[in-house]
Amino acid sequence: MNKTSTPCRLLHLVNVRTVGGVERMFADFLEHSPPFPVQHFTLADHDAIAPSIAPAILHHSRFFSSNVFAKLPLPRRPGILRAANRERLIRKLQPDLILIWNQIIDVRAFSSERWSCPALYYEHGGAWYQRAPALAEAFFRRINGVLAVSQAAKRTLQLKYHVTQPTDVCLNALRPGVLSVNHPVASRALQKDRPLILGSAGRLVPLKCFGLLVLTIKALRMRGIEAEAIIAGTGQEQAKLEALIAEHGLQGKVRLIGLQNDMAAFYKSIDIYVNTSMHEAFGLTCVEAAAWGVPVIAAAVDGLPEAVRDGVTGICLTPTLTQEAYLALTQASMPRVPLVYWPEADALEPPKMLDPERLAEAVLQLANDAGRYRQMSAQAIADVSARGDFGALCDGLYRIMARYLPER
């Protein structure tokens with residue numbers, strides 16, 4: 001693409017009603033200065049925008065909703081009404097490029113021909129959820145290229161949906177503001193004058209399996225280890241987590257601290273970060289913890305081994321706990337992910353969870369070896385620094401997009 005004074009019209013199809021990793025990334029992406037003139041348009045299936053990301057979206061883009069036509073709301077059913085309105089808005093806006101953020105949308109009622117401009121799909125975890133094969137096939141026929149948050153995301157698309165389009169892997173990076181430029185991070189050592197503190201963060205939803213952290217604390221305390229845990233986040237599983245904590249008499253030993261505006265204080269307060277998720281397209285909180293010098297323990301599935309270097313910045317464990325055993329132990333809701341990516345086998349197979357007893361053993365490997373802990377802490381900081389910052393990630397995304405833009 002030749003640089004001209006005419007901005008590239010970049011249309012984003014994205015869900016902005018709720019906030020997760022991809023929605024925060026989208027808002028931060030909009031706030032990054034592009035390397036060439038760009039005019040952003042945001043098209044969502046709902047007219048509501050989550051308050052935490054609304055300022056960035058409304059300031060840096062023009063917002064449209066496919067469920068509003070002539071200022072009147074369209075009903076959810078039949079779905080063809082909103083889908084047709086989405087197609088109408090795309091034609092009206094005449095974008096130079098469409099970027100679809102982590103949603104495989106239903107276009108089966110429309111022509112199988114591609115849109116009149118190039119369209120890219122950004123995969124950030126959406127591919128793991130079950131969709132009708134015909135829906136995915138119709139969608140990817142209209143896509144020119146793919147951006148994937150990890151190699152695991154790329155392979156999941158290829159193995160599950162037989163995606164053949166060119167796919168660029170763009171590993172996630174620290175969000176702006178995670179680290180303070182005025183306070184360099186130093187490697188850390190375990191403190192002996194207080195309990196060992198484990199931490200985890202994320203939405204309290206089934207796939208995060210936070211109940212396993214509760215049971216890990218129980219397993220450590222049964223071994224005579226003064227261990228506690230902090231879980232940051234809110235969500236639908238909070239009541240079940242509170243019940244599990246009470247069932248095992250761990251009130252005050254496992255604390256649910258809700259949403260945190262100051263995540264730096266959270267990472268500074270913990271000794272080891274434990275990612276209990278049964279599925280992660282990448283695992284950005286693992287990288288955030290590493291940036292603060294916190295070694296990470298996670299499952300060796302999906303994109304987690306790309307975020308945690310086993311034996312270097314943390315420990316990756318092979319999950320062995322069946323879904324039935326997990327439910328019996330935690331009484332939690334069952335995550336609705338039928339298959340996960342197993343890197344060693346390069347295959348999609350049913351998920352398993354981390355065994356709390358094995359998690360406890362991995363924690364003790366670090367807690368009982370001060371030298372290894374300090375080395376992992378230092379290597380974690382260095383590893384994150386070498387990955388590059390969020391600005392570099394955005395510039396890389398723009399470079400990929402420019403490849404698909406016509407000469408102007």
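Mind checking which pairs have a first residue in segment 168-185 that is among the β-branched types (Val, Ile, Thr) and a second that is at pLDDT 90 or above and assigned to a loop (DSSP other than H, G, I, E, B), Cβ under 6 Å, 6 or more apart or different chains?
Pairs found: VAL185/TRP292; VAL185/GLY293.
Got a sec? Which strands (runs of 3 or more DSSP E) wholly within segment 250-333 have at least 1 residues that are open to solvent by 10 Å² or more (accessible area, probe 1.4 Å) and aliphatic (A, V, I, L, M)?
254-258, 314-317
Can you tell me which residue in segment 102-129 is farthest from the chain's Cα centre (by Cα), limited to those that are within 18 Å of ALA152 (Cβ to Cβ) and surrounded by 22 or more Cβ atoms within 10 Å (Cβ to Cβ)?
In the first step, residues of segment 102-129 are kept if they are within 18 Å of ALA152 (Cβ to Cβ); the result is 102, 104, 121-129.
Keeping just the survivors that are surrounded by 22 or more Cβ atoms within 10 Å (Cβ to Cβ) gives 102, 121-125, 127-128.
On the way: ASN102: 10, TYR121: 16, TYR122: 12, GLU123: 10, HIS124: 6, GLY125: 7, ALA127: 12, TRP128: 12 Å.
If we take residues in segment 102-129 being within 18 Å of ALA152 (Cβ to Cβ) and surrounded by 22 or more Cβ atoms within 10 Å (Cβ to Cβ), then TYR121 is farthest from the chain's Cα centre (by Cα).
Within segment 219-240, how many residues are surrounded by fewer than 22 Cβ atoms within 10 Å (Cβ to Cβ) and in a helix (DSSP H, G or I)?
6
Somewhere in segment 184-199, is a residue part of a loop (DSSP other than H, G, I, E, B) and on the phi > 0 side of the Ramachandran plot? Even if it seems obvious, please write down each step before you answer.
Here is the first cut: in segment 184-199, the ones part of a loop (DSSP other than H, G, I, E, B) are 184-195.
Next cut, on the phi > 0 side of the Ramachandran plot only: none.
Among the residues of segment 184-199, not one is part of a loop (DSSP other than H, G, I, E, B) and on the phi > 0 side of the Ramachandran plot, which makes the answer no.
Closer than 24 Å to ASP389 by Cβ, open to solvent by less than 20 Å² (accessible area, probe 1.4 Å) and within 23 Å of the chain's Cα centre (by Cα), is that true of VAL14? Quick ask: steps written out before the conclusion?
On the way: closer than 24 Å to ASP389 by Cβ: yes; open to solvent by less than 20 Å² (accessible area, probe 1.4 Å): yes; within 23 Å of the chain's Cα centre (by Cα): yes.
It is true that VAL14 is closer than 24 Å to ASP389 by Cβ, open to solvent by less than 20 Å² (accessible area, probe 1.4 Å) and within 23 Å of the chain's Cα centre (by Cα).
Name the strands (runs of 3 or more DSSP E) wholly inside segment 90-156 in which the number of residues that are within 18 Å of PHE64 (Cα to Cα) and in contact (Cβ under 8 Å) with a residue 60 or more places away in the chain is 2 or more. Write out each step before concluding.
On the way: elements: 97-101, 119-123, 145-148.
Output list reads 97-101.
If I ask for residues that are over 16 Å from TYR121 (Cα atoms) and in contact (Cβ under 8 Å) with a residue 60 or more places away in the chain, which ones from segment 1-20 would you list?
Hits for segment 1-20 are MET1, ASN2, THR4, THR6, CYS8, ARG9, GLY20.
Within segment 60-73, can you find the residues that are modelled with pLDDT under 95 and surrounded by fewer than 16 Cβ atoms within 10 Å (Cβ to Cβ)?
VAL68, PHE69, ALA70, LYS71, LEU72, PRO73
Only one of these conditions is not met by GLN365: (1) closer than 22 Å to PHE390 by Cα; (2) of a type outside the set (Ser, Thr, Tyr); (3) open to solvent by 10 Å² or more (accessible area, probe 1.4 Å); (4) part of a helix (DSSP H, G or I). Which number is it?
For GLN365, the failing item is (1).
Name the single residue that is surrounded by the most Cβ atoms within 10 Å (Cβ to Cβ) among those in segment 368-385 being small (Gly, Ala, Ser) and under 26 Å from the mean Cα position of the chain (by Cα).
Residue satisfying both the conditions and the ranking: ALA380.
When you check PRO133 against the structure, is it modelled with pLDDT of 95 or more, surrounded by fewer than 19 Cβ atoms within 10 Å (Cβ to Cβ) and not acidic (Asp, Glu), yes or no?
Working: modelled with pLDDT of 95 or more: no; surrounded by fewer than 19 Cβ atoms within 10 Å (Cβ to Cβ): yes; not acidic (Asp, Glu): yes.
So PRO133 fails the test.
How do the pairs read when you match residues in segment 226-247 that are touching a residue at least 40 places away in the same chain (Cβ under 8 Å) and over 18 Å from PRO356 (Cβ atoms) with residues anywhere that are part of a loop (DSSP other than H, G, I, E, B) and open to solvent by 20 Å² or more (accessible area, probe 1.4 Å), using Cβ under 8 Å and keeping only pairs 6 or more apart or on different chains?
Between residues of segment 226-247 that are touching a residue at least 40 places away in the same chain (Cβ under 8 Å) and over 18 Å from PRO356 (Cβ atoms) and residues that are part of a loop (DSSP other than H, G, I, E, B) and open to solvent by 20 Å² or more (accessible area, probe 1.4 Å), the close pairs are GLN236/VAL205; GLN236/SER333.
Looking only at segment 334-362, which residues are open to solvent by less than 50 Å² (accessible area, probe 1.4 Å) and closer than 16 Å to VAL274 by Cα?
MET353, LEU354, ASP355, PRO356, LEU359, ALA360, ALA362
Identify all residues within segment 175-216 that are touching a Pro at 6+ places or on another chain (Cβ under 9 Å) and of a type in the set (A, V, I, L, M, F, W, C); write none if there are none.
Those that are touching a Pro at 6+ places or on another chain (Cβ under 9 Å) and of a type in the set (A, V, I, L, M, F, W, C): VAL205, LEU207, CYS209, LEU212, LEU213, VAL214, LEU215.
Please enumerate the residues belonging to segment 282-300 that are without any contact (Cβ under 8 Å) to a residue 60 or more places away in the chain and touching a His at 6+ places or on another chain (Cβ under 9 Å).
If we filter segment 282-300 for residues that are without any contact (Cβ under 8 Å) to a residue 60 or more places away in the chain, which is where we start, we get 283, 286, 298-300.
Result: ALA299, single match.
Just a yes or no: is a residue in segment 386-405 aromatic (Phe, Trp, Tyr), open to solvent by 30 Å² or more (accessible area, probe 1.4 Å) and in a helix (DSSP H, G or I)? Working first, answer last.
Of all residues in segment 386-405, those aromatic (Phe, Trp, Tyr) come to 390, 398, 404.
Restricting the remaining residues to those that are open to solvent by 30 Å² or more (accessible area, probe 1.4 Å) gives 404.
Those left that are additionally in a helix (DSSP H, G or I): 404.
Yes, there is a match, as at least one residue in segment 386-405 is aromatic (Phe, Trp, Tyr), open to solvent by 30 Å² or more (accessible area, probe 1.4 Å) and in a helix (DSSP H, G or I).
Out of (1) under 17 Å from the mean Cα position of the chain (by Cα); (2) over 23 Å from ALA232 (Cβ atoms); (3) not basic (Lys, Arg), what's the single condition that is false for ASP355?
(1)
A quick yes/no check of all residues on (1) within 29 Å of GLN260 (Cβ to Cβ); (2) touching a His at 6+ places or on another chain (Cβ under 9 Å):
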{"site": "GLU23", "(1), (2)": "yes, no"}
{"site": "LEU43", "(1), (2)": "no, yes"}
{"site": "ARG77", "(1), (2)": "no, no"}
{"site": "LEU93", "(1), (2)": "no, no"}
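The values are calculated or read from the model by the stated rules, or taken from the named source; none is laboratory data. Here the structure is a predicted model, which is why all the values come from computation and not from measurement. Here the Cβ is made from the backbone with ideal geometry for all residues, glycine too, and neighbour counts use every protein chain on show. Keep in mind that these areas ignore ligands, DNA and RNA; they rest on the heavy atoms of the full protein, side chains included. Shrake-Rupley method; radii C 1.70, N 1.55, O 1.52, S 1.80 Å.
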